[in-house]
Amino acid sequence: MRNGARAKIFKGASRLALFLLFQGTSFALNDTIHANGSLKDGSLVISKGGKFALGFFSPGRSSNRYLGIWYHNKPGQAPVWVANRNNPINGTSGVLSSDGYGNLSLYSSLDQELPVWSANVSREKFAEGPCLARLLDSGNLVLVQGIINRMIVWQSFNHPTHTLLPGMKLGLDKETGLNRFITSWRSPDDPGIGDFSFKLNPNGVPQLFLYRGTTPHWRSIPSAWRIHHELYEELFEINEREIRFSFHSRDPSIVMIPTMDNSGTMGAAMWDEVDGQWKEFYSVTHKKCDVYGYCGAYGKCEPSSPFLSECVCLPGNAFGGCVRKRSESSSFCAPGEGFVRVANVKAPDTSAAVWVDMGLNEVNCEQECRKNCSCCAYATTKIDGKGTGCLTWHGELMDTVSMPGLDLAIYVRVDARELAFFNLSTIRAATNNFSPDNKLGQGGFGSVYKGKFSSGVEVAVKRSPNNSRQGLEQFKSEVFLIAKLQHRNLVKLHGCCIEEQEQMLVYEYLPYNSLDSILFDQTGSPFLDWCKRFNIILGVARGILYLHQDSRCRIIHRDLKTSNILLDAELNPKISDFGMARVLEGDQVEGKTSRIGGTYGYMSPEYAYLGKFSVKSDVFSFGVMLLEIVTGMKINGFSQEDPALSLIGYVWELWKEERAVEVVDPSIEVSNGSNGVLRCIHIGLLCVEEDPSDQPDMQAVVVMLNSETIPLPAPKRPAFVYAKSRVEETAAEWSRNEITFSDTLGR
């Protein structure tokens with residue numbers, strides 16, 4: 001929350017506390033105003049326990065007078081209720097008058113005929129006799145009728161202003177049509193009704209909304225999911241008479257009051273008995289993910305830091321605005337449709353959600369949603385005293401927000417084309433219960449096992465560890481991206497498994513190891529002659545070009561390296577590991593992130609230093625891989641006579657001296673193909689130039705690789721010529737927290 005916003009709610013409250021400096025305050029009445037009685041400016045009505053006072057005040061710098069209620073025994077807090085908020089009194093001649101029936105009216109002076117405010121109770125309410133006005137220790141001003149039954153005919157709690165007191169109700173009274181909600185002040189000096197309101201939306205499953213005018217600005221967690229708070233209890237009640245929300249302190253000695261300021265910030269102040277002052281307890285902040293529908297329909301907002309967030313699409317939706325791939329109004333269910341679990345989220349807006357049954361478990365709830373083809377998502381929740389309830393959505397899924405600490409999950413419908421699902425039992429059988437003998441590789445984001453289904457299809461199963469902080473993000477990125485990508489040089493995703501907290505991706509099985517395991521192995525590298533190496537270079541380039549230009553959306557891989565290039569039986573390359581990939585929307589040409597992920601040595605300088613990524617980030621990584629393939633040397637394991645130079649610097653120095661042929665892997669026969677080899681070195685140096693604007697794009701790279709006649713521009717000085725560069729020093733630190741060490745997939 002911004003410091004300025006805090007000041008408006010809490011520190012600004014001390015300025016509003018100037019109302020305590022009453023001019024001419026002479027005495028206090030007891031807690032009651034009897035029929036035909038009055039309260040003049042300068043006098044107070046004090047509740048029986050001395051907690052609250054009713055009287056006149058001037059807010060902030062204003063000289064206008066208002067009738068309000070405030071904490072009498074706790075100074076420094078603004079009024080919690082204001083009667084004439086839109087009709088101020090000029091001067092100190094105001095008087096609150098009770099007529100013969102006990103009805104309350106506020107006048108600017110004794111000789112005024114028309115009131116500036118009135119309780120406006122109809123005469124029929126006084127059929128049983130007159131009322132008296134009483135200020136309760138709850139802060140509620142009531143008109144009470146009768147000595148024995150004490151029926152309340154009017155109360156200030158039914159007409160809240162900007163503060164929600166314990167026991168006060170928000171929501172709809174179905175019998176009277178009364179809708180109770182709080183509204184902001186216009187300014188710290190003006191308690192008139194402002195632009196913001198805080199209401200209980202009774203439609204579907206009730207939720208609290210913060211509105212700016214009529215536009216939703218923020219939404220609470222739906223009432224179906226109760227959150228336990230140590231200090232207070234939230235109560236949602238739905239019955240034949242009303243739909244309401246209220247809260248109560250678990251400890252009566254604790255005083256906490258939620259208040260909305262004039263900027264629309266909803267917060268709560270708590271009285272600190274030790275320090276004798278009000279302190280901030282919580283606030284509804286203005287981070288991007290707090291804004292209602294920030295990521296649009298079918299999008300999910302994920303806070304990546306206190307000030308940054310990013311949008312991803314829910315399963316079953318295409319990138320580029322999260323367009324739903326099936327119609328919710330569809331009158332038939334397509335074969336093979338299923339549901340993807342989306343965990344740890346604030347459920348989508350439940351205004352149009354439907355309670356199917358209060359006694360359905362998760363399995364039966366899925367069946368109910370599955371047979372209703374318009375049902376796009378479902379969730380279950382425990383209902384006090386009623387078992388488990390089943391909730392279904394039949395419209396747009398709006399305002400879904402990632403909340404890692406919230407134990408709440410929804411299940412989103414997807415079609416068979418979107419993703420194939422495998423049961424955990426099926427995968428256990430295929431991998432012989434994840435036998436060590438079937439293990440293909442191990443990485444920072446899990447293990448990879450070879451599997452074979454009963455149909456004879458061989459697969460590689462990537463199993464993410466349950467305790468991996470970044471594993472969930474890696475998993476979601478790969479599922480949402482690879483499922484939509486179809487290219488011969490990209491690894492194929494058969495499906496996934498999300499069951500019993502397991503998160504597994506099922507890929508095509510590739511018999512050969514990843515490129516790095518052959519390229520940098522003394523026994524394997526001779527197997528890669530120049531023809532095979534060039535085909536790998538060209539295939540990788542075509543795969544990257546597809547991601548940048550020919551796929552449905554522009555995708556930046558951000559973690560291209562030789563260990564993420566897999567080889568099939570014919571040594572065709574397959575780009576894998578899309579956990580760090582990002583999508584550029586529309587005409588967007590670059591993005592920026594505060595979480596720099598990737599692998600040291602392959603990261604471009606603008607990404608490593610500034611977090612900026614674009615298609616040129618992948619071009620740089622490709623250039624590094626190209627030089628590795630030609631030289632047979634690792635970018636991060638390079639060692640030669642001059643330790644100050646990096647692999648890039650070493651190639652650059654020999655290139656300038658026209659000795660580049662000396663860096664070629666000795667296992668390559670270059671006598672007949674030296675021109676092609678040197679041309680690839682030339683292209684590699686163009687890709688790793690320091691200024692990304694000088695680097696070619698992947699379309700130009702593919703053209704240059706396919707033609708030996710197109711002249712190439714002279715390469716300029718590359719980035720990271722020296723081994724001891726700033727990126728090495730910073731990356732060494734990042735590797736403990738942010739650098740991605742990706743899995744090696746199916747062999």
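The values are calculated or read from the model by the stated rules, or taken from the named source; none is laboratory data. Just so we're clear, the structure is a prediction, and the values are computed from it rather than from any experiment. Glycine also receives a Cβ, built like all others from the backbone with ideal geometry; neighbour counts cover every protein chain displayed.
At a glance:
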item	result
Top-ranked residue of the stretch 119-137 - restricted to ones that are in a loop (DSSP other than H, G, I, E, B) and touching a residue at least 60 places away in the same chain (Cβ under 8 Å), ranked as surrounded by the fewest Cβ atoms within 10 Å (Cβ to Cβ)	Asp137
The one condition in (1) crowded, with 20+ Cβ neighbours inside 10 Å; (2) at pLDDT 90 or above; (3) under 25 Å from Val491 (Cα atoms) that Asn572 fails to fulfil	(1)
Single match in Ser43, Ser109, Ser105 (criterion: without any contact (Cβ under 8 Å) to a residue 24 or more places away in the chain, surrounded by fewer than 16 Cβ atoms within 10 Å (Cβ to Cβ) and in the same structural domain as Thr259 (by TED's automatic domain parsing))	Ser109
Residues that are at pLDDT 90 or above and either surrounded by fewer than 20 Cβ atoms within 10 Å (Cβ to Cβ) or on the phi < 0 side of the Ramachandran plot (or both), drawn from the stretch 138-153	Ser138, Asn140, Leu141, Val142, Leu143, Val144, Ile152, Val153
Any hit, the stretch 656-666, residues being modelled with pLDDT of 65 or more, of a type in the set (Val, Ile, Thr) and in a helix (DSSP H, G or I)	yes
In the stretch 592-645, the residues that are surrounded by fewer than 24 Cβ atoms within 10 Å (Cβ to Cβ), of a type in the set (A, V, I, L, M, F, W, C) and outside any helix (DSSP H, G or I)	Ile596, Met633, Ile635, Phe638, Ala644, Leu645
Residue satisfying condition, being among the hydroxyl-bearing types (Ser, Thr, Tyr) and in contact with a strand residue (DSSP E or B) (Cβ under 6 Å, 6 or more places away or on another chain), within set Ser614, Ser551	Ser614
Some residue of the stretch 49-64 being surrounded by fewer than 15 Cβ atoms within 10 Å (Cβ to Cβ), within 23 Å of Gly192 (Cβ to Cβ) and under 51 Å from the mean Cα position of the chain (by Cα)	yes
Test: Phe209 is assigned by TED's automatic domain parsing to the domain that holds Leu67, within 22 Å of Phe52 (Cβ to Cβ), hydrophobic (A, V, I, L, M, F, W, C) and under 28 Å from the mean Cα position of the chain (by Cα)	no
Test: residue in the stretch 619-630 that is among the aromatic types (Phe, Trp, Tyr), modelled with pLDDT of 90 or more and within 41 Å of the chain's Cα centre (by Cα)	yes
Selection from the stretch 19-40 of residues that are in contact with a Gly (Cβ under 8 Å, 6 or more places away or on another chain) and either at pLDDT 50 or above or surrounded by 15 or more Cβ atoms within 10 Å (Cβ to Cβ) (or both)	Phe19, Phe22, His34, Ala35, Asn36, Leu39, Lys40
Residues of the stretch 189-221 that turn out to be over 19 Å from Lys169 (Cβ atoms) and either among the hydroxyl-bearing types (Ser, Thr, Tyr) or crowded, with 21+ Cβ neighbours inside 10 Å (or both), as a count	7
Condition check for Gly167: at positive phi and surrounded by 18 or more Cβ atoms within 10 Å (Cβ to Cβ)	no
Search result, residues across the stretch 368-408 that are at pLDDT below 90, under 22 Å from His217 (Cα atoms) and in a strand (DSSP E or B)	Ser402
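One line per residue, one yes/no per condition, for (1) assigned to a helix (DSSP H, G or I); (2) modelled with pLDDT of 85 or more:
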{"residue": "Ser477", "(1), (2)": "yes, no"}
{"residue": "Leu481", "(1), (2)": "yes, no"}
{"residue": "Gln486", "(1), (2)": "no, no"}
{"residue": "Ile518", "(1), (2)": "yes, yes"}
{"residue": "Pro526", "(1), (2)": "yes, no"}
{"residue": "Gly543", "(1), (2)": "yes, yes"}
